[in-house]
Each structure stands twice: as structure tokens, then as C-alpha cells.
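Before any comments, here is the structure.
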Amino acid sequence: MTTYACVTGRFQPVHDQHLELIGMALARAGRAVVGVTNPDTDARRAEATSRHRHTSKANPFNYFERLTLLRAALWAKGWEERVMIVPFDLTRPACWPEYVPLDALQVVRVFSEWEREKARQLREAGYRVWEVAGDPASKVHATDIRDAMARGGDWTTLVPAATIPLLREMLAVRSEVTAS
């Protein structure tokens, strides 16, 4: 058994398929590392295989907010003691081992060319990668969640229950700032 398995993503916001993948990582290793990509605005770069992932609209939650949401979701699952959350700037592969040990198993669910490219980059950096086949027809798109939030639709069925009050608070603060 591997000591650590790692799952990377933007978590904009965290949703149930993210937690499912973290659960797979925990089943493969004693502990998991969640690497939050695009941890800050300087870490965003255009990517040919995922044209939106660097835009402000696709990254409304800052690192602290995503950390808060992930911690709540992990706590609700009883995983908080087994999971570490770290920033993981995909634009700086030379720094990756400073956040996630090179002997960690990278767990990547592949829905599209973007995930295949991410798996390739992780392998190139020296990580072992477990590619989990994903069905594009069943993929939860965080874009749909963000769109529902923006238009006042029901997004609560698309995110972990433990994150709902936090997300409502974050959205209310944004509304207050916008209104003033």
C-alpha cells in the first residue's frame, strides 16, 4: 500500500465527484493529499485542452475559501485526520515535490483531453499515476454549479451538504460587496 495518494483539482467549488475521487485515493493509500490547483491568480495559465480553467469566471473562490469548503466536506466524511490539503500550482512542476512527495500516487479521473494531459505532466515530473476512467456523460461540471449560483438556481443538490451554509455565506458576502 502506498503511504500517500494525491488528488488535484480546482475545487471551484468542491462537489460529490471530488469527494468520490478522494475516497478512491484513501482506499489506495493510508493518507491522501488534496492539491488545490490555481491556488492564486498568478498560477493561472491558458491550457489548450481546457480553455476556461484559467479565467476569473471559472475561479471565483480563492484558495482560503476552497480550503474552508474542502475541510468542511472532509470533516463531514470523517476523513479530516487522513487528508492534507496543499496548494498545487500546475504551472510550476519543479516545485510539485515540495508540496506532494514524489512517491505519492497521483489519482486522476480522466473525462477529457485535459485530464490526460495533466496525467502526462504528472508522469513526466516523476509521479506514478493511476488514471481512473470517467464517463463524460455522468461528469459533474463545476461550471453548472457556478452558473446555478449566479442565476439563483438550485445548486444545493450538486455540492456536499456540509458546504452549503459556507457557500451561502460566501455568496451573501459577494452580494453585499457588489451592492455597495
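The values are calculated or read from the model by the stated rules, or taken from the named source; none is laboratory data. This is a predicted model, so every value here is computed, not measured. Cβ coordinates were reconstructed from backbone atoms using ideal geometry, including for glycine residues, and neighbour counts include every protein chain displayed. Each accessible area value is taken on the protein alone, full model and side chains, heavy atoms only, with ligands, DNA and RNA left out. Shrake-Rupley method; radii C 1.70, N 1.55, O 1.52, S 1.80 Å.
Taking the numbered list (1) under 28 Å from Val33 (Cβ atoms); (2) open to solvent by less than 80 Å² (accessible area, probe 1.4 Å); (3) acidic (Asp, Glu) in turn, Asp147 passes all entries but (1).
Can you name the residue in the range 89-120 that is polar (S, T, N, Q) and within 21 Å of Met24 (Cα to Cα) and, of all such residues, is least open to solvent (accessible area, probe 1.4 Å)? Looking at residues that are polar (S, T, N, Q) and within 21 Å of Met24 (Cα to Cα), I get Gln106. If you go through the range 1-37 and pick out every residue that is among the small types (Gly, Ala, Ser) and closer than 24 Å to Arg92 by Cα, you end up with 5.
Among the residues of the range 96-109, is any within 18 Å of Gln17 (Cα to Cα) and free of Cβ contacts under 8 Å to residues at least 40 places away in the same chain? Working first, answer last.
Here is the first cut: in the range 96-109, the ones within 18 Å of Gln17 (Cα to Cα) are 106-109.
Then keep just the ones that are free of Cβ contacts under 8 Å to residues at least 40 places away in the same chain; that gives none.
No, the conditions are met nowhere in the range 96-109.
Can you confirm whether the range 60-76 contains a residue that is touching a residue at least 60 places away in the same chain (Cβ under 8 Å), open to solvent by 40 Å² or more (accessible area, probe 1.4 Å) and within 17 Å of Gln17 (Cβ to Cβ)? Yes, some residue in the range 60-76 is touching a residue at least 60 places away in the same chain (Cβ under 8 Å), open to solvent by 40 Å² or more (accessible area, probe 1.4 Å) and within 17 Å of Gln17 (Cβ to Cβ). Does Asp103 count as out of contact with any Cys (no Cβ under 8 Å at 6 or more places or on another chain) and either assigned to a helix (DSSP H, G or I) or among the small types (Gly, Ala, Ser) (or both)? For Asp103, the condition - out of contact with any Cys (no Cβ under 8 Å at 6 or more places or on another chain) and either assigned to a helix (DSSP H, G or I) or among the small types (Gly, Ala, Ser) (or both) - is not met.
Among the conditions (1) modelled with pLDDT of 95 or more; (2) of a type outside the set (S, T, N, Q); (3) closer than 17 Å to Ala119 by Cα; (4) open to solvent by less than 50 Å² (accessible area, probe 1.4 Å), Glu47 misses just one, which is (1). For the range 124-142, the set of residues classified as modelled with pLDDT under 95, open to solvent by 50 Å² or more (accessible area, probe 1.4 Å) and not basic (Lys, Arg) consists of Ala133, Asp135, Pro136, Ala137, Ser138, His141, listed by residue number. A residue that is modelled with pLDDT of 95 or more and over 18 Å from Thr8 (Cα atoms) can be found somewhere in the range 79-100.
Any residue in the range 150-164 that is outside any helix (DSSP H, G or I), open to solvent by 50 Å² or more (accessible area, probe 1.4 Å), among the aromatic types (Phe, Trp, Tyr) and at negative phi? No: zero hits. Filtering the range 18-35 to residues that are open to solvent by 30 Å² or more (accessible area, probe 1.4 Å) and touching a Ser or Thr at 6+ places or on another chain (Cβ under 9 Å) leaves Arg28, Gly30, Arg31. Consider the range 169-180 and keep the residues that are under 16 Å from Gln12 (Cα atoms) and modelled with pLDDT of 90 or more. The one that is surrounded by the fewest Cβ atoms within 10 Å (Cβ to Cβ) is Glu169. Residue count for the range 150-168, restricted to those that are over 16 Å from Asp16 (Cα atoms) and at pLDDT below 95: 4.
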